[in-house]
1. Looking at the range 105-159, which of the residues that are within 19 Å of Leu35 (Cα to Cα) and of a type in the set (Gly, Ala, Ser) is surrounded by the most Cβ atoms within 10 Å (Cβ to Cβ)?
2. Would you mind telling me which numbered condition in (1) in contact with a helix residue (DSSP H, G or I) (Cβ under 9 Å, 6 or more places away or on another chain); (2) within 17 Å of Glu131 (Cα to Cα); (3) modelled with pLDDT of 85 or more Asp58 fails?
3. Looking at (1) of a type in the set (Val, Ile, Thr); (2) closer than 20 Å to Ala7 by Cβ; (3) free of Cβ contacts under 8 Å to residues at least 12 places away in the same chain, find the lone condition where Ile120 falls short.
4. What tally of residues in the range 31-58 results from selecting those that are surrounded by fewer than 19 Cβ atoms within 10 Å (Cβ to Cβ) and touching a residue at least 40 places away in the same chain (Cβ under 8 Å)?
5. I'm trying to understand the selection: among the residues of the range 73-112, which are assigned to a helix (DSSP H, G or I), in contact (Cβ under 8 Å) with a residue 12 or more places away in the chain and under 12 Å from the mean Cα position of the chain (by Cα)?
6. Condition first: among the aliphatic types (A, V, I, L, M) and either under 16 Å from Leu28 (Cα atoms) or not in a helix (DSSP H, G or I) (or both). Now tell me which residues in the range 113-132 satisfy that.
7. Which of the residues spanning the range 62-73 are touching a helix residue (DSSP H, G or I) at 6+ places or on another chain (Cβ under 8 Å) and either on the phi > 0 side of the Ramachandran plot or buried (at least 19 other Cβ atoms within 10 Å of the Cβ) (or both)?
Amino acid sequence: MSSELNATVVIVDDEEMVVGSIQSFLELETDYRVLPFTSPQAALECLAEESVHTIVADFMMPELDGVTFLTQARSIVPMATRILLTGYADKQNAIRAINDAGLYQYLEKPWDNEALILSIRNAVERSRLFEELAGRVAELELANKELTGFKERWMQAFM
């Protein structure tokens, strides 16, 4: 479970029972830090302040629908992996969610606990890999900049 340390999962659903159920399950099965919200607006405010790996949101919420919420969340924390939970599964909503929110997965309510935990673990790992990749790209860009500077200095000195 060491790979679970320091991972943060945000749960957003307008039903307290759903949020509490997922939170309790994750706290029993993982070492993830779970941030529960029944308000998408409050969750968006939190995302600006926190390092988040995975966001799980309900599709139908009164303040914002899940796709709109996840689309806004994507602009705040682009490396966080997004999962949509819904009791209203239809292909049009799934396609919209995938395209608009960069959705990783679409799960139906009621969910299977094993499928949910596997999805969240995979989502956290995906976010960590994106973070690692971004770090490596930044290192390569810095090394390239240093090499370019070295080349320019060498050219000036010997040409």
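1. Only one residue tops the list, namely Ser127.
2. (2)
3. (3)
4. Of the residues in the range 31-58, 2 are surrounded by fewer than 19 Cβ atoms within 10 Å (Cβ to Cβ) and touching a residue at least 40 places away in the same chain (Cβ under 8 Å).
5. If the condition is that a residue be assigned to a helix (DSSP H, G or I), in contact (Cβ under 8 Å) with a residue 12 or more places away in the chain and under 12 Å from the mean Cα position of the chain (by Cα), then Ala73, Arg74, Ile76, Ala101 are the ones that fit.
6. Within the range 113-132, Ala115, Leu116, Ile117, Leu118, Ile120 qualify.
7. Leu64, Gly66, Val67, Phe69, Leu70, Thr71, Ala73 - these are the residues of the range 62-73 that are touching a helix residue (DSSP H, G or I) at 6+ places or on another chain (Cβ under 8 Å) and either on the phi > 0 side of the Ramachandran plot or buried (at least 19 other Cβ atoms within 10 Å of the Cβ) (or both).
The values are calculated or read from the model by the stated rules, or taken from the named source; none is laboratory data. These numbers come from a predicted model, not from an experiment. All Cβ positions, glycine included, derive from the backbone under ideal geometry; neighbour counts span all protein chains shown.
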